[in-house]
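Single-structure report; data block below.
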Amino acid sequence: MPILPALGDSVRKREAMKKITSFVGGTSGAWRILSMETVAGEPLSLATHLDILDSNLSENFSGNWQLRGSRSYERYTNHEEHEQLIQKSPPLGRPEANSAALIPIQKTDLWWQLSQDERRKIFEEESHHIEIGMAYLPAIARRLYHSKDLGEPFDFLTWFEFDSKDKLAFDKLLKELRQSKEWTYVQREIDIRLVRS
């Protein structure tokens, strides 16, 4: 059992604040934005580039928008799935991974009113989220950032890196996930595609 879920909300938030990553959309950055598709809900303002900073910029940033998230414990994986993810997941920043996607997601209030075990059942037993994702490893590297505890407009920021030759595989991965029961609980989603500047 992870330590953080047993702690109070204020302690979890303080821990999360220590390791915040900021995704800043603007006119400069390490990644050039190819497209910004609003899949559900309100769009983000347009930007041409994205920078990823390991810091909490808060109000002190130069850009069109800023999305913040923190790496955290895995909320819905069991021990076996966790071990498989560690073994199969490639690192971020591979030279051949010249393409990326940032997909911020906000889920409905109904999702958050469910208990942890109810969410796990929808997430994996019914939607096979982890199983689907593992089928695309190691070609597609991913990292999940949690934003809900930070009071951000999105609950999660999902970051993916892959070789441009794997774009069709990435599109297939997204299609499978978006057809699952879990996605009926998504109320806002932006699909931002990028290439290295």
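The values are calculated or read from the model by the stated rules, or taken from the named source; none is laboratory data. Keep in mind the model is a prediction, meaning the values are calculated, not measured. Positions of Cβ are generated from backbone atoms using ideal geometry, with glycine treated the same way; all protein chains shown enter the neighbour counts.
Points to keep in mind about this one:
- Residue in the stretch 2-20 that is within 20 Å of residue 140 (Cα to Cα) and modelled with pLDDT of 85 or more present: no
- Any hit, the stretch 29-45, residues being modelled with pLDDT of 95 or more, in contact with a helix residue (DSSP H, G or I) (Cβ under 8 Å, 6 or more places away or on another chain), among the β-branched types (Val, Ile, Thr) and within 15 Å of residue 157 (Cβ to Cβ): yes
- Any hit, the stretch 134-151, residues being under 15 Å from residue 39 (Cα atoms) and either surrounded by fewer than 20 Cβ atoms within 10 Å (Cβ to Cβ) or out of contact with any His (no Cβ under 9 Å at 6 or more places or on another chain) (or both): no
- Taken over the stretch 96-125, the criterion of being free of Cβ contacts under 8 Å to residues at least 12 places away in the same chain and surrounded by 13 or more Cβ atoms within 10 Å (Cβ to Cβ) is satisfied by 114, 121.
- Criterion violated by residue 197 - all others in (1) over 26 Å from residue 19 (Cα atoms); (2) touching a His at 6+ places or on another chain (Cβ under 8 Å) satisfied: (1)
- Considering 131, 161, the condition of being charged (D, E, K, R) and part of a helix (DSSP H, G or I) is satisfied by 131 alone.
- Of residues in the stretch 163-180 being over 22 Å from residue 38 (Cβ atoms) and not aliphatic (A, V, I, L, M), the one farthest from the chain's Cα centre (by Cα): 165
A quick yes/no check of all residues on (1) among the charged types (D, E, K, R); (2) in contact with a helix residue (DSSP H, G or I) (Cβ under 7 Å, 6 or more places away or on another chain):
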site	(1), (2)
89	no, no
109	yes, no
114	no, no
124	yes, yes
130	no, yes
141	no, no
149	yes, yes
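- Residues in the stretch 83-95 that are surrounded by 11 or more Cβ atoms within 10 Å (Cβ to Cβ) and over 30 Å from residue 24 (Cα atoms): 83, 84.
- Taking residues in the stretch 68-95 that are under 27 Å from residue 22 (Cβ atoms) and modelled with pLDDT under 80, and partners anywhere that are surrounded by 14 or more Cβ atoms within 10 Å (Cβ to Cβ) and of a type in the set (Asp, Glu), the pairs with Cβ atoms closer than 7 Å and at least 6 places apart or on different chains are 76/124.
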